[in-house]
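The values are calculated or read from the model by the stated rules, or taken from the named source; none is laboratory data. Since the structure is predicted, the reported quantities are computational estimates derived from the model, not experimental observations. Every residue, glycine among them, receives a Cβ derived from its backbone with ideal geometry; neighbour counts consider all protein chains shown. Just so you know, the surface numbers come from the protein's heavy atoms only, side chains and all, with ligands and any DNA or RNA stripped out. Shrake-Rupley method; radii C 1.70, N 1.55, O 1.52, S 1.80 Å.
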Amino acid sequence: MALTLVSSNKCAGGFQKVFEHESTELKCKMKFAVYLPPKAETDKCAVMYWLSGLTCTEQNFITKAGSQLGAAEHGIIIVAPDTSPRGCNIEGEDESWDFGTGAGFYINATQDPWKTNYRMYAYVTEELPKLINANFPTDPEKMSISGHSMGGHGALICALKNPGKYKAVSAFAPICNPMQCPWGQKAFSGYLGPDRSTWEAYDATVLAASYSGPQLDILIDQGRDDQFLSASQLLPDNLIAVCSEKKIPVVFRLQPGYDHSYFFIYSFMNDHIKHHAKYLNA
(Lines give C-alpha, C1' and ligand atoms only; values in the text may rest on other atoms or scores of the structure.)
Protein backbone atom coordinates (compact mmCIF):
# COMPACT_ATOMS: atom_id res chain seq x y z
CA MET A 1 0.00 0.00 0.00
CA ALA A 2 2.54 2.60 -1.13
CA LEU A 3 1.65 6.24 -0.59
CA THR A 4 3.04 8.98 -2.84
CA LEU A 5 3.32 12.44 -1.29
CA VAL A 6 1.66 15.02 -3.55
CA SER A 7 2.03 18.09 -1.33
CA SER A 8 2.95 19.14 2.20
CA ASN A 9 2.34 22.54 3.79
CA LYS A 10 3.03 23.63 7.34
CA CYS A 11 -0.28 24.76 8.82
CA ALA A 12 -1.42 25.67 12.35
CA GLY A 13 1.80 24.18 13.77
CA GLY A 14 1.23 20.85 12.02
CA PHE A 15 1.23 19.74 8.39
CA GLN A 16 -1.49 19.64 5.76
CA LYS A 17 -0.53 16.88 3.35
CA VAL A 18 -2.01 15.25 0.26
CA PHE A 19 -1.14 11.70 -0.78
CA GLU A 20 -1.94 9.50 -3.76
CA HIS A 21 -2.29 5.72 -3.77
CA GLU A 22 -3.61 2.86 -5.89
CA SER A 23 -6.99 1.91 -4.45
CA THR A 24 -7.86 -1.78 -4.43
CA GLU A 25 -11.58 -1.05 -3.90
CA LEU A 26 -11.89 1.61 -6.60
CA LYS A 27 -9.34 0.17 -9.07
CA CYS A 28 -7.84 3.59 -9.77
CA LYS A 29 -5.39 6.14 -8.34
CA MET A 30 -6.95 8.10 -5.50
CA LYS A 31 -5.85 11.19 -3.62
CA PHE A 32 -6.66 11.99 -0.01
CA ALA A 33 -5.74 14.86 2.28
CA VAL A 34 -4.47 14.34 5.82
CA TYR A 35 -3.90 17.01 8.43
CA LEU A 36 -1.32 16.03 11.05
CA PRO A 37 -1.60 18.20 14.17
CA PRO A 38 1.50 19.07 16.25
CA LYS A 39 0.51 16.29 18.68
CA ALA A 40 1.13 13.70 15.92
CA GLU A 41 4.89 14.30 16.18
CA THR A 42 5.02 12.69 19.61
CA ASP A 43 1.74 10.91 20.21
CA LYS A 44 -1.04 8.83 18.71
CA CYS A 45 -4.07 10.85 17.64
CA ALA A 46 -7.76 10.25 17.05
CA VAL A 47 -8.93 10.59 13.45
CA MET A 48 -11.88 12.49 12.05
CA TYR A 49 -12.90 11.57 8.50
CA TRP A 50 -14.43 14.33 6.37
CA LEU A 51 -16.59 13.48 3.35
CA SER A 52 -17.10 16.26 0.83
CA GLY A 53 -20.07 17.07 -1.37
CA LEU A 54 -20.94 16.91 -5.06
CA THR A 55 -18.22 18.09 -7.51
CA CYS A 56 -15.58 18.38 -4.78
CA THR A 57 -12.11 16.85 -4.59
CA GLU A 58 -9.91 16.51 -1.50
CA GLN A 59 -8.91 20.16 -2.04
CA ASN A 60 -12.14 22.02 -1.22
CA PHE A 61 -12.22 21.11 2.45
CA ILE A 62 -8.54 21.69 3.18
CA THR A 63 -8.44 25.11 1.50
CA LYS A 64 -11.83 26.50 2.56
CA ALA A 65 -13.14 25.00 5.81
CA GLY A 66 -10.53 26.33 8.25
CA SER A 67 -10.45 23.02 10.09
CA GLN A 68 -6.72 22.97 10.81
CA LEU A 69 -6.69 25.37 13.78
CA GLY A 70 -9.30 23.34 15.68
CA ALA A 71 -7.66 20.06 14.73
CA ALA A 72 -4.31 21.38 15.99
CA GLU A 73 -5.86 22.57 19.25
CA HIS A 74 -7.58 19.24 19.97
CA GLY A 75 -4.86 16.97 18.58
CA ILE A 76 -7.04 15.37 15.91
CA ILE A 77 -5.87 14.03 12.55
CA ILE A 78 -8.34 14.92 9.79
CA VAL A 79 -8.56 12.74 6.69
CA ALA A 80 -10.43 14.03 3.64
CA PRO A 81 -10.76 11.63 0.69
CA ASP A 82 -11.94 12.49 -2.82
CA THR A 83 -15.65 12.15 -3.65
CA SER A 84 -15.48 9.45 -6.34
CA PRO A 85 -13.16 7.29 -8.39
CA ARG A 86 -11.49 9.26 -11.20
CA GLY A 87 -10.30 8.52 -14.71
CA CYS A 88 -11.99 5.13 -14.96
CA ASN A 89 -13.04 5.75 -18.58
CA ILE A 90 -16.61 4.67 -17.89
CA GLU A 91 -19.01 5.87 -20.55
CA GLY A 92 -21.10 8.72 -19.12
CA GLU A 93 -18.94 9.32 -16.02
CA ASP A 94 -18.36 12.99 -16.92
CA GLU A 95 -21.75 13.82 -18.39
CA SER A 96 -23.38 15.40 -15.33
CA TRP A 97 -22.19 17.11 -12.15
CA ASP A 98 -24.48 15.11 -9.84
CA PHE A 99 -23.71 11.60 -11.11
CA GLY A 100 -20.44 9.82 -11.94
CA THR A 101 -17.18 11.72 -11.42
CA GLY A 102 -17.31 13.84 -8.24
CA ALA A 103 -20.59 12.21 -7.24
CA GLY A 104 -19.83 8.76 -5.79
CA PHE A 105 -22.53 9.13 -3.10
CA TYR A 106 -20.53 6.93 -0.68
CA ILE A 107 -22.31 3.73 -1.74
CA ASN A 108 -21.16 0.46 -3.31
CA ALA A 109 -22.65 0.35 -6.80
CA THR A 110 -24.25 -2.90 -7.94
CA GLN A 111 -25.06 -1.94 -11.54
CA ASP A 112 -22.95 -2.03 -14.69
CA PRO A 113 -20.87 -0.13 -15.69
CA TRP A 114 -20.34 1.40 -12.22
CA LYS A 115 -20.01 -1.60 -9.92
CA THR A 116 -16.30 -2.30 -10.51
CA ASN A 117 -15.07 1.16 -9.50
CA TYR A 118 -17.85 2.98 -7.67
CA ARG A 119 -17.34 1.45 -4.23
CA MET A 120 -16.87 4.58 -2.14
CA TYR A 121 -18.65 3.09 0.87
CA ALA A 122 -16.13 0.24 1.11
CA TYR A 123 -13.28 2.65 0.40
CA VAL A 124 -14.25 5.10 3.15
CA THR A 125 -15.20 2.55 5.83
CA GLU A 126 -12.61 -0.19 5.17
CA GLU A 127 -9.74 0.50 2.79
CA LEU A 128 -8.96 4.08 3.79
CA PRO A 129 -8.96 3.58 7.60
CA LYS A 130 -6.61 0.57 7.21
CA LEU A 131 -4.30 2.68 5.05
CA ILE A 132 -4.37 5.61 7.47
CA ASN A 133 -3.78 3.41 10.54
CA ALA A 134 -0.85 1.68 8.83
CA ASN A 135 0.89 4.90 7.79
CA PHE A 136 0.14 7.56 10.41
CA PRO A 137 0.30 7.84 14.23
CA THR A 138 -3.37 7.07 14.87
CA ASP A 139 -5.32 5.54 17.69
CA PRO A 140 -7.34 3.02 15.61
CA GLU A 141 -10.04 2.80 18.28
CA LYS A 142 -10.80 6.51 18.04
CA MET A 143 -12.37 7.60 14.79
CA SER A 144 -15.28 9.85 13.91
CA ILE A 145 -16.91 11.09 10.72
CA SER A 146 -18.35 14.29 9.32
CA GLY A 147 -19.26 15.75 5.97
CA HIS A 148 -21.20 18.23 3.84
CA SER A 149 -24.23 17.72 1.61
CA MET A 150 -23.62 14.42 -0.27
CA GLY A 151 -20.79 13.93 2.23
CA GLY A 152 -23.13 14.66 5.13
CA HIS A 153 -25.28 11.83 3.79
CA GLY A 154 -22.10 9.72 3.62
CA ALA A 155 -21.12 10.52 7.21
CA LEU A 156 -24.59 9.74 8.57
CA ILE A 157 -24.91 6.40 6.77
CA CYS A 158 -21.37 5.30 7.73
CA ALA A 159 -22.14 5.99 11.40
CA LEU A 160 -25.62 4.45 11.33
CA LYS A 161 -24.53 1.31 9.41
CA ASN A 162 -21.57 0.63 11.73
CA PRO A 163 -22.74 0.97 15.34
CA GLY A 164 -19.80 1.75 17.63
CA LYS A 165 -17.24 2.19 14.84
CA TYR A 166 -17.38 5.98 14.87
CA LYS A 167 -17.28 7.75 18.24
CA ALA A 168 -19.06 10.82 16.87
CA VAL A 169 -20.85 12.01 13.76
CA SER A 170 -21.78 15.44 12.46
CA ALA A 171 -22.93 16.97 9.20
CA PHE A 172 -23.42 20.25 7.40
CA ALA A 173 -26.55 20.44 5.22
CA PRO A 174 -26.70 16.67 4.69
CA ILE A 175 -28.87 14.88 2.13
CA CYS A 176 -30.94 13.22 4.86
CA ASN A 177 -33.45 11.17 2.89
CA PRO A 178 -31.96 10.49 -0.57
CA MET A 179 -34.73 8.04 -1.56
CA GLN A 180 -37.15 10.98 -1.51
CA CYS A 181 -35.11 13.66 -3.31
CA PRO A 182 -34.07 14.15 -6.97
CA TRP A 183 -30.31 13.92 -6.31
CA GLY A 184 -30.66 10.65 -4.43
CA GLN A 185 -33.15 9.12 -6.83
CA LYS A 186 -30.88 9.86 -9.81
CA ALA A 187 -27.77 8.47 -8.08
CA PHE A 188 -29.42 5.42 -6.53
CA SER A 189 -31.24 4.36 -9.69
CA GLY A 190 -27.98 4.64 -11.63
CA TYR A 191 -25.68 2.93 -9.12
CA LEU A 192 -28.11 0.53 -7.41
CA GLY A 193 -30.78 -0.10 -10.06
CA PRO A 194 -34.57 0.22 -10.08
CA ASP A 195 -35.33 -1.94 -7.01
CA ARG A 196 -35.94 0.72 -4.37
CA SER A 197 -35.63 -1.78 -1.51
CA THR A 198 -31.87 -1.89 -2.21
CA TRP A 199 -31.70 1.89 -1.75
CA GLU A 200 -32.76 1.67 1.88
CA ALA A 201 -29.30 0.46 2.95
CA TYR A 202 -27.92 3.90 2.05
CA ASP A 203 -30.62 6.25 3.31
CA ALA A 204 -29.94 7.88 6.69
CA THR A 205 -33.62 8.35 7.50
CA VAL A 206 -34.40 4.67 6.83
CA LEU A 207 -31.25 3.52 8.68
CA ALA A 208 -32.07 5.67 11.73
CA ALA A 209 -35.47 3.97 11.97
CA SER A 210 -33.80 0.59 12.52
CA TYR A 211 -30.68 1.74 14.39
CA SER A 212 -29.79 -0.25 17.48
CA GLY A 213 -26.35 0.31 18.89
CA PRO A 214 -24.41 2.48 21.29
CA GLN A 215 -25.77 5.98 21.75
CA LEU A 216 -24.86 8.17 18.80
CA ASP A 217 -24.97 11.93 19.36
CA ILE A 218 -25.56 13.64 16.03
CA LEU A 219 -24.79 17.32 15.36
CA ILE A 220 -26.29 18.85 12.20
CA ASP A 221 -25.95 22.45 11.02
CA GLN A 222 -28.19 23.64 8.20
CA GLY A 223 -28.25 27.08 6.58
CA ARG A 224 -31.77 28.50 6.48
CA ASP A 225 -31.08 30.27 3.17
CA ASP A 226 -29.71 27.12 1.53
CA GLN A 227 -31.19 26.89 -1.97
CA PHE A 228 -31.09 23.09 -1.81
CA LEU A 229 -33.09 23.08 1.42
CA SER A 230 -35.89 24.99 -0.31
CA ALA A 231 -35.56 22.72 -3.37
CA SER A 232 -36.33 19.69 -1.12
CA GLN A 233 -32.98 17.99 -1.79
CA LEU A 234 -31.92 17.80 1.88
CA LEU A 235 -35.12 16.93 3.82
CA PRO A 236 -33.71 17.20 7.37
CA ASP A 237 -37.20 17.18 8.93
CA ASN A 238 -37.69 13.56 7.84
CA LEU A 239 -34.51 12.44 9.64
CA ILE A 240 -35.23 14.49 12.76
CA ALA A 241 -38.74 13.02 13.04
CA VAL A 242 -37.35 9.47 12.95
CA CYS A 243 -34.54 10.28 15.40
CA SER A 244 -36.91 11.79 17.94
CA GLU A 245 -39.17 8.75 17.64
CA LYS A 246 -36.17 6.42 18.12
CA LYS A 247 -34.67 8.58 20.90
CA ILE A 248 -31.47 9.14 18.88
CA PRO A 249 -30.05 12.44 20.21
CA VAL A 250 -29.76 15.06 17.46
CA VAL A 251 -28.73 18.66 17.87
CA PHE A 252 -30.14 20.31 14.73
CA ARG A 253 -29.25 23.97 14.27
CA LEU A 254 -30.99 25.99 11.56
CA GLN A 255 -28.62 28.91 10.94
CA PRO A 256 -30.38 32.06 9.67
CA GLY A 257 -28.88 33.74 6.60
CA TYR A 258 -26.42 30.95 5.73
CA ASP A 259 -26.37 29.16 2.38
CA HIS A 260 -24.94 25.81 1.18
CA SER A 261 -21.38 27.02 0.63
CA TYR A 262 -18.03 26.65 2.38
CA PHE A 263 -18.58 30.13 3.87
CA PHE A 264 -21.27 28.41 5.95
CA ILE A 265 -19.05 25.43 6.80
CA TYR A 266 -16.16 27.72 7.80
CA SER A 267 -18.47 29.62 10.17
CA PHE A 268 -19.33 26.55 12.29
CA MET A 269 -16.38 24.20 11.66
CA ASN A 270 -14.94 24.83 15.10
CA ASP A 271 -18.17 23.76 16.82
CA HIS A 272 -18.05 20.49 14.89
CA ILE A 273 -14.43 19.80 15.78
CA LYS A 274 -15.28 20.45 19.45
CA HIS A 275 -18.21 18.02 19.16
CA HIS A 276 -15.87 15.34 17.78
CA ALA A 277 -13.12 16.10 20.30
CA LYS A 278 -15.57 15.61 23.19
CA TYR A 279 -16.09 11.98 22.16
CA LEU A 280 -12.68 11.24 20.61
CA ASN A 281 -10.64 12.57 23.51
CA ALA A 282 -12.97 11.30 26.24
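A few remarks follow.
- Kirkwood radius and radius of gyration were both taken over the C-alpha atoms of the chain, and their ratio Rg/Rh is 0.94.
- Cα-Cα over 20 Å, subset of LYS10/LYS64; LYS247/LYS274; LYS29/LYS167; LYS64/LYS167; LYS29/LYS165; LYS10/LYS39: LYS247/LYS274; LYS29/LYS167; LYS64/LYS167; LYS29/LYS165
- Evaluated with a Cβ-only charge set (Lys, Arg +1; Asp, Glu -1), the chain carries a dipole of roughly 660 debye about its Cα centre, given to the nearest 20.
- Antiparallel bridges, percent of DSSP beta bridges restricted to region 4-281 (to nearest 5): 50 percent
- Of all accessible heavy-atom area on the chain, the percent that carbon and sulfur account for (1.4 Å): 50 percent
- Local electrostatic count, GLN222, Cβ distance below 11 Å [Lys/Arg +1, Asp/Glu -1]: -3
- At most 11 other Cβ within 10 Å, DSSP loop - chymotrypsin sites (Phe, Trp or Tyr not before Pro), region 1-93: none
- For region 216-260, a Kirkwood radius taken over Cα pairs fed into Stokes-Einstein (10 °C, viscosity 1.306 mPa s) yields D = 144 µm²/s.
- In the chain, a dipole from Cβ-located charges (positive for Lys and Arg, negative for Asp and Glu) runs towards its positive end, and of TYR266, ASN89, PRO38 it is PRO38 whose Cα lies farthest in that direction.
- Loop-located chymotrypsin sites (Phe, Trp or Tyr not before Pro) in region 71-145 whose Cβ has at most 12 other Cβ within 10 Å (DSSP): TRP97
- For region 106-222: rounded, prolate or oblate by the Cα gyration tensor [a/c cutoff 1.5]: oblate
- Annotation for region 155-223: trypsin sites (Lys or Arg not before Pro) lying in DSSP loop with at most 14 further Cβ atoms inside 10 Å of their Cβ do not exist.
- Once the 1.4 Å probe is applied to the protein heavy atoms, the chain comes out at 40 Å² accessible per residue.
- Positive contributions from Lys and Arg (+1) and negative ones from Asp and Glu (-1), summed over other residues with Cβ under 14 Å from the Cβ of GLN59, come out at +1.
- Each part gets one Cα centre, and for region 66-118 versus region 164-226 those centres are 16 Å apart.
- GNM top mover of ARG86, ARG224, ARG119 - the chain, alpha-carbon springs below 10 Å: ARG224
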